[in-house]
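Notes for the one structure printed next.
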Amino acid sequence: MESHIEKQNGDELQKSFKEMISTLPKGKSWGFPGDHYQYQGFWFVPPFLQGALLAQQQFQALPTDIILCSSLRTGTAWLKSLTFATITRTLYDDSTTPLLSKMPHDVVPLMEFDHAQFSTNRHRGIPLLATHLPYSFLPRSIIDSGCKLIYICRDPKDTFVSLYHFIARHNKSQNTQPIQLDEALELFHEGVCSFGPYWDHVLGYWKASLERPDKLMFLKYEDLVEDTVLHIKKIAEFMGYPFSSEEQQQNVPENIVKMCSFDNLSGLEVNKTGKHRQGQGNLGMENNIFFRKGKVGDWKNYLTTEMAQRLDQRTMQKLSGSGLSL
Ligand code: A3P
């Protein structure tokens, strides 16, 4: 639990981080939730950079922790729901799982925002945590503890289109003017988006997964869409919660996949009408903004051939020689 002294120290640290951030190179905002600041090669909005710096100083990982890592709009909520349902399958059933009453982001806390270093901000007995931080920003204790990490990424074109709509929908709900698609594309291309450059974020985890495959599982959204059951079995195994042959005969993995499907989750009342981060200023938003289409290749409906080529060229240039394709 966060004591009074811890809170006071935390407040002082936050103040000094705020001062430091105000001196950093500034990049244009996408309209939510403010300007971007560049720190150690990546772009952040202040609340998340402050949280990152605080987590670097204070977060103590446990060897049993499982950290879900991702950039924005690459399938984080889906991965949270799948892993949460898998890990808690003996605690809850289809009618009692917290996924029915809380949106996935409220079920698995975000390390750098939800102050997950304090036990009160974590689910007791459930080892899952999430982060959007680049690999090079992870608190030292995460690497030293030997805990497991799962990273999910996605075709940069779909990631961009998803991010653009996420921000545009939020702007609409706030009656503010959304950024234009071509302007957003330029910023994304140049790496100026939260936790960007996107490609550098992916590459950091990709390289680490090659070095530590037993500790870091690297996933692509597209593969998860193609065969979710196969992947949830692999994920369960990796996390140390494998499905027994009896469970497999009873279709437990299939039922988890069904429960966490886009259609099921997006149709739940909590995800249609609930609110996320209520009372936290312009960071608060409607849960339904997090669910859009859940499709692969939706970029074709929004990007011109030139726009798509521009992002593809960037992807080829950035990933060249890495052995990774997106
Ligand atoms: P689209 O905008 O392309 O629909 P994140 O959770 O990292 O913000 O990722 C958001 C993307 O995942 C959105 O993509 C969203 O619709 C999709 N998504 C959310 N829940 C999903 C689910 N249960 N299954 C598949 N995709 C899902």
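Taking Lys and Arg as +1 and Asp and Glu as -1, the other residues whose beta-carbon sits under 10 Å from that of Ser70 total +3. Treating r as the C-beta distance of Gln313 and Ser261 and R0 as 30 Å, the FRET efficiency rounds to 0.30. The modelled label-to-label distance between Asp94 and Asp182, using points 7 Å beyond Cα along the C-beta direction, is 5.0 nm.
Around the amide H of Leu68, modelled in the peptide plane, lie the amide H atoms of Leu129, Ala130, Thr131, Ile150, all under 5 Å away and 5 or more residues distant in sequence or on another chain.
Comparing Ala52, Leu72, Ile152 along the charge dipole axis of the stretch 49-319, the residue lying farthest to the positive side is Ala52, per the Cβ-charge model. Mean residue ellipticity, 222 nm, helices only, the chain: the sum of -39500 (n - 2.57) across DSSP H runs of n ≥ 4, divided by residue count and rounded to 500, is -13500 deg cm²/dmol.
Normalised by the number of residues in the chain, the mean separation of alpha-carbon contacts (under 8 Å, six or more apart) gives a relative contact order of 22 percent. Would you mind pulling out the separation of the Cα centroids of the stretch 200-238 and the stretch 287-304, in Å? Here the two parts' Cα centres lie 22 Å apart. Comparing Gly51, Gly284, Gly146 in a Gaussian network model of the chain, where Cα atoms under 10 Å apart are tied by springs, the biggest mean-square fluctuation is seen for Gly284. Remark: the stretch 49-319 carries a charge dipole of roughly 360 debye about the Cα centre, counting +1 on each Lys and Arg Cβ and -1 on each Asp and Glu Cβ. Amide H to amide H distances under 5 Å link Leu216 with Leu149, where only residues 5 or more positions off or on other chains count and H is placed in the peptide plane. Temperature 20 °C, viscosity 1.002 mPa s: under these conditions the Stokes-Einstein estimate for the stretch 49-319, based on its Kirkwood radius over C-alpha pairs, is 111 µm² per second. Which one of Thr131, Leu99, Gln278 is farthest out on the positive end of the charge dipole of the chain, using unit charges on Cβ (Lys, Arg +1; Asp, Glu -1) and the Cα centre as origin? Final value for the positive-end residue is Gln278.
Annotation: amide H of Tyr39 within the under-5 Å range of Phe44, sequence separation 5 or more or interchain, hydrogens built in the peptide plane.
Only the coordinates and a few stated rules stand behind these numbers; no lab work does. All values derive from a computational prediction rather than experimental measurement. Here Cβ is always computed from backbone atoms with ideal geometry, including for glycine, and neighbour counts include all displayed protein chains.
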